[in-house]
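Engineer: Quick one: structure below, then a few questions.
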Amino acid sequence: MPQANSTTNPSELSAPRPPYPVTTCAVFAVTAVCTALTFPYPRLIALLERTPTMLAHHEWWRFITPVLINPEGWRQIAFNALALLVLGTIVEREFRAARWLIIYLVSAIVGEIAGYAWKPNSAGSSVGISGLLGAFAAQLFFARAPQARVGAILILGGAATLTYFRDLHGPPILAGFAAAAVMHRIANPPKPRRSMTRIV
């Protein structure tokens, strides 16, 4: 009678599979549709992009709508699409849908604020994606392997360098890392230390 494989862990059979990246795919689809609409309707870019007069005209929606389109050509479209799918999937499997969306939106807003100061006429989803890179750095930072922490430090160092040179992708990377680190701390609070009492 054949014996069962002794290396199989019974708990692995009942362990839940990683969730599908539903939020990543949804944001990808929305961004793709909005970007595609800018080809037959180029005036849509002027309605959604970041402008230097958006605060004076109280156009508050421009703090988030620039991430819905990629108007700078196929290179920007292809790079941002691939980065969103790869980083989005990795981050969503760790933080799940709601926290993923918070990281993406907070980082996008931080990036748009930086862009308003450093690059006022532009648009693109890369600032939101930069926040996902920051969240990925947080995953590496809180991992047990020291090599992973080195990777996190390199990403944060790059983000600090970009910020120093006024590249609008630096601040959202740092914002994504900060948001993900707070979420990780809330989900994994430090264990209280046991107090040692002397018995007389």
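The values are calculated or read from the model by the stated rules, or taken from the named source; none is laboratory data. Quick caveat: nothing in here was measured; it's all calculated off a predicted structure. Ideal geometry is used to build each Cβ from the backbone, glycine not excepted, and the neighbour counts take in all protein chains shown.
Engineer: Check Ala4, Ala56, Ala78, Ala15 and return the single one that is modelled with pLDDT of 95 or more and out of contact with any Leu (no Cβ under 8 Å at 6 or more places or on another chain).
Structural biologist: Within the list Ala4, Ala56, Ala78, Ala15, the selection yields Ala78.
Engineer: Please state which one of Ile90, Ile45 is under 21 Å from the mean Cα position of the chain (by Cα) and β-branched (Val, Ile, Thr).
Structural biologist: Ile90
Engineer: Does Ala114 qualify as being buried (at least 19 other Cβ atoms within 10 Å of the Cβ), in contact with a Leu (Cβ under 6 Å, 6 or more places away or on another chain), at pLDDT 95 or above and within 21 Å of Thr163 (Cα to Cα)?
Structural biologist: Yes; evaluated as a whole, the condition is true for this residue.
Engineer: Looking at segment 22-75, which of the residues that are hydroxyl-bearing (Ser, Thr, Tyr) and surrounded by 15 or more Cβ atoms within 10 Å (Cβ to Cβ) is nearest to Ala97 (Cα to Cα)?
Structural biologist: Selected residue: Thr23.
Engineer: Follow-up question, since we're still on this one. Quickly run through segment 153-181 and pick out the residues that are hydrophobic (A, V, I, L, M, F, W, C) and within 14 Å of the chain's Cα centre (by Cα).
Structural biologist: Within segment 153-181, Ile155, Leu156, Ala159, Ile173, Leu174, Ala175, Phe177, Ala178, Ala179, Ala180, Ala181 qualify.
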